[in-house]
C-alpha cells in the first residue's frame, strides 16, 4: 500500500484539486475545546477527532457528527482541512478518528492510491456494492466505513425552471430527446470525463455545442444558467441554493452517476475501542436524507446561518440528541 502516490485529481469539488501544504488551521468542535495538529497525539479516552473538508456541506456534517457523539458522551474536536489528501494519512495512523465522506469519492481515492492513477474504477451507482469496495480497500489503511446515509451529493445537471417547463424536460432522457445541442457550464475537465460531457453524449445522446469551464456547482456556473449564457450546468444534488435561483436538477433516470452517499469513515482501532460510535452514527445515517441535506445547506449558504446552529437544531428536531 502506498499513501497518496500518483493521486489523479479532478476539478470536481469532491476531489478538490490543488493540494495545499500550508499549516493546518485547527478549530475546536463545540466552543471551548483545545487545538491539536493533525500530526498530534492520539485522542484516546472520551475524545474524538473529526476531520473534514472545509466547505459548507462538510462543515455541517462534521458539526452533526460532533453533536451526535457529544450526546453519546464524547468530547469532539473538529479539524477542517483543504483536501482529502490531508486527512487520509492521519486517519490511517489514528491521529484522526473519524471523517464524513462520500462513498464513491473515498472509494476511488483509496483505489487510485493503492493501485495507481490509472486503476480501473471500482465505485458504481450501487451504494452497497461501492461501500463493500470501500471496506475492502480501507482494510489496508486501517479504516472502515459505517452505514451510508440516504443523503447523497452526487454529480448532477441543472436547467432553469423556465427551460424545464417550456420544453417539458424533467429528466436527462427528456433533454436528450429534444435532439438539440446544448451549451454546458461545468468543471474544466468535463469534456474528458465519462461522468460529464462524454457520458452526456454516450448515455443520453446529449450533444454539447459550447462548453464553458466555469466549475462544478460554482456561482459562475449558476449565474451562467440564470442569464441564459448556457442551457445546462453541472451541480450537486444537495445544492440548497438551486430552488431560490429558479434552477432544477434533471433526474439521472438511467442511473448513470456513481453513488455519493454520505458515509462516516472511522479509524478501525478507534472503532474497536469505541463500538458505540457506530451505533450513534448509524442511527444518524438512517435518518439523514438528500432533502435534509439540501435544507441544511440552504440555511447556511442562503440564509447565512452558522453551521453549528443549523446542525444542533437538526439533531434536536430529529430526536437524535437529548
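When you look at residue 219, is it closer than 23 Å to residue 60 by Cβ, modelled with pLDDT of 95 or more, out of contact with any strand residue (DSSP E or B) (no Cβ under 7 Å at 6 or more places or on another chain) and in the same structural domain as residue 160 (by TED's automatic domain parsing), yes or no?
yes
Only residues in segment 194-218 that are in contact (Cβ under 8 Å) with a residue 60 or more places away in the chain count as the first member; pair them with residues that are assigned to a helix (DSSP H, G or I), Cβ under 8 angstrom, at least 6 apart or cross-chain, and list the lot.
Short answer, once both residue conditions are applied: 215/221.
Being assigned to a loop (DSSP other than H, G, I, E, B) and either surrounded by 15 or more Cβ atoms within 10 Å (Cβ to Cβ) or at positive phi (or both) is the filter here, so list the residues in segment 134-144 that pass it.
Listed by number, the residues that qualify are 141, 142.
Could you pull out the residue among 287, 230, 266, 235 that is outside the structural domain of residue 99 (by TED's automatic domain parsing) and within 18 Å of the chain's Cα centre (by Cα)?
Unique residue meeting the criteria: 235.
With respect to residue 131, determine if the residue is within 17 Å of residue 285 (Cα to Cα), in the same structural domain as residue 267 (by TED's automatic domain parsing), in contact (Cβ under 8 Å) with a residue 40 or more places away in the chain and not in a helix (DSSP H, G or I).
For residue 131, the condition - within 17 Å of residue 285 (Cα to Cα), in the same structural domain as residue 267 (by TED's automatic domain parsing), in contact (Cβ under 8 Å) with a residue 40 or more places away in the chain and not in a helix (DSSP H, G or I) - is not met.
Does any residue of segment 55-78 turn out to be in a loop (DSSP other than H, G, I, E, B), within 18 Å of the chain's Cα centre (by Cα) and closer than 30 Å to residue 319 by Cβ?
yes
Do we have residue 211 as outside the structural domain of residue 266 (by TED's automatic domain parsing) and within 22 Å of residue 241 (Cα to Cα) here?
no
Restricting attention to helices (runs of 4 or more DSSP H) lying wholly within segment 232-322, give those where 2 or more residues are in contact with a strand residue (DSSP E or B) (Cβ under 7 Å, 6 or more places away or on another chain).
268-273, 276-285
The values are calculated or read from the model by the stated rules, or taken from the named source; none is laboratory data. From a predicted model like this one, the values you see are computed outputs, not experimental measurements. Backbone-built Cβ (ideal geometry, glycine too); neighbour counts: all protein chains shown.
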